[in-house]
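Enquirer: Let me begin by handing over the structure; questions about it come next.
The values are calculated or read from the model by the stated rules, or taken from the named source; none is laboratory data. Given the structure is predicted, the values throughout are model-derived calculations rather than measurements. FYI the Cβ positions are ideal-geometry reconstructions off the backbone, even for glycines, and counts take in every protein chain you see. Surface areas here come from the heavy atoms of the whole protein model, side chains and all, with no ligands, DNA or RNA. Shrake-Rupley method; radii C 1.70, N 1.55, O 1.52, S 1.80 Å.
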Amino acid sequence: TFPIDSALAYVNRAIDTDNLPIYVRLKGNILYTKRDYAGAFDCYSALTSTNLCDAEVYALAANCKELLGDPDAAVLHLDSAIATFGKVPVAAMAPYVLNRGLVKNRAGRHREAVLDYNAYAKLLGNRMNANFYYLREQAEYSGKMYRLALADIDVALAFEPDNIVFLLEKGRICY
């Protein structure tokens, strides 16, 4: 058998002996590695009512849902991940806000993605790099927010004036 199958057998035995949340989390990670996203989601979902529930658990569940073709459920789980930080925005929630924006963008919800990218930038004090401005520009362009897209590609070009991808992108926007 493969080592991953042995690991799954051991963790299943551990769960049968003592159903601790840490074992369920490990099983979810193993199933995710095996690309059993439905099984992994079930494990991560089971953790939401335990002492191991945190933003990362919701983010892992969201990733499973997106890979299973349900971006709306993925966004809901990322909303829950962000909610674990409370009502006051903190920099630690930034990766989850960015991830939610990425999921929305891949799902064709470009304008909503731009709002998440803006929130992400604000959480990090607007200390962004050229790649961020290019990423946001892509969503803005797809969302038909052409003026914003042009402004963002200009900022990206200010960081990297010789970047051929950025130059071509500016040409596309202008065209």
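Enquirer: What pairs come up if the first residue lies in segment 151-175 and is open to solvent by 60 Å² or more (accessible area, probe 1.4 Å), the second is among the aromatic types (Phe, Trp, Tyr), and their beta carbons are under 8 Å apart, counting only those six or more places apart or on different chains?
Expert: Note: pairs meeting the criteria are 159/133; 160/166; 165/134; 172/141.
Enquirer: List, please: which pairs have Cβ atoms under 7 Å, are six or more places apart or on different chains, and start with a residue in segment 114-130 that is more than 18 Å from residue 145 (Cα to Cα) and end with one that is part of a helix (DSSP H, G or I) and open to solvent by 50 Å² or more (accessible area, probe 1.4 Å)?
Expert: 123/91; 124/91; 129/159; 130/159
Enquirer: Select from segment 73-84 the residues that are touching a residue at least 12 places away in the same chain (Cβ under 8 Å) and surrounded by fewer than 15 Cβ atoms within 10 Å (Cβ to Cβ) and list them in ascending order.
Expert: 79, the sole residue that qualifies.
Enquirer: Does residue 152 count as assigned to a helix (DSSP H, G or I), under 30 Å from residue 22 (Cα atoms) and acidic (Asp, Glu)? Step through it out loud before you land on a result.
Expert: On the way: assigned to a helix (DSSP H, G or I): yes; under 30 Å from residue 22 (Cα atoms): no; acidic (Asp, Glu): yes.
No: the conditions fail for residue 152.
Enquirer: Looking at (1) under 26 Å from residue 108 (Cβ atoms); (2) touching a helix residue (DSSP H, G or I) at 6+ places or on another chain (Cβ under 7 Å), find the lone condition where residue 48 falls short.
Expert: (1)
Enquirer: If I ask for residues that are part of a helix (DSSP H, G or I), open to solvent by 80 Å² or more (accessible area, probe 1.4 Å) and modelled with pLDDT under 95, which ones from segment 1-32 would you list?
Expert: Our first condition is that a residue be part of a helix (DSSP H, G or I); within segment 1-32, this holds for 3-17, 21-32.
Retained after the next criterion (residues that are open to solvent by 80 Å² or more (accessible area, probe 1.4 Å)): 3, 10, 13, 16-17, 22, 26.
Selection gives 3 alone.
Enquirer: So, in segment 64-113, exactly how many residues are closer than 20 Å to residue 139 by Cβ and more than 12 Å from the chain's Cα centre (by Cα)?
Expert: 7
Enquirer: Given the structure, is residue 70 surrounded by 15 or more Cβ atoms within 10 Å (Cβ to Cβ), closer than 25 Å to residue 45 by Cα and free of Cβ contacts under 8 Å to residues at least 12 places away in the same chain?
Expert: yes
Enquirer: How many residues does segment 87-99 hold that are open to solvent by 40 Å² or more (accessible area, probe 1.4 Å) and under 23 Å from residue 47 (Cβ atoms)?
Expert: Of all residues in segment 87-99, those open to solvent by 40 Å² or more (accessible area, probe 1.4 Å) come to 87-92, 95-96, 99.
Next, only the ones that are under 23 Å from residue 47 (Cβ atoms) stay: 90, 92, 95-96, 99.
So the answer is 5.
Enquirer: Only one residue in 69, 101 is closer than 30 Å to residue 38 by Cβ, modelled with pLDDT of 95 or more, in a loop (DSSP other than H, G, I, E, B) and not basic (Lys, Arg). Which one?
Expert: Numbers: 101 fails: in a loop (DSSP other than H, G, I, E, B).
Residue meeting the stated conditions: 69.
Enquirer: Another question, then. Does residue 55 satisfy the criteria of being under 22 Å from residue 120 (Cβ atoms) and either open to solvent by less than 50 Å² (accessible area, probe 1.4 Å) or in contact with a strand residue (DSSP E or B) (Cβ under 6 Å, 6 or more places away or on another chain) (or both)?
Expert: yes
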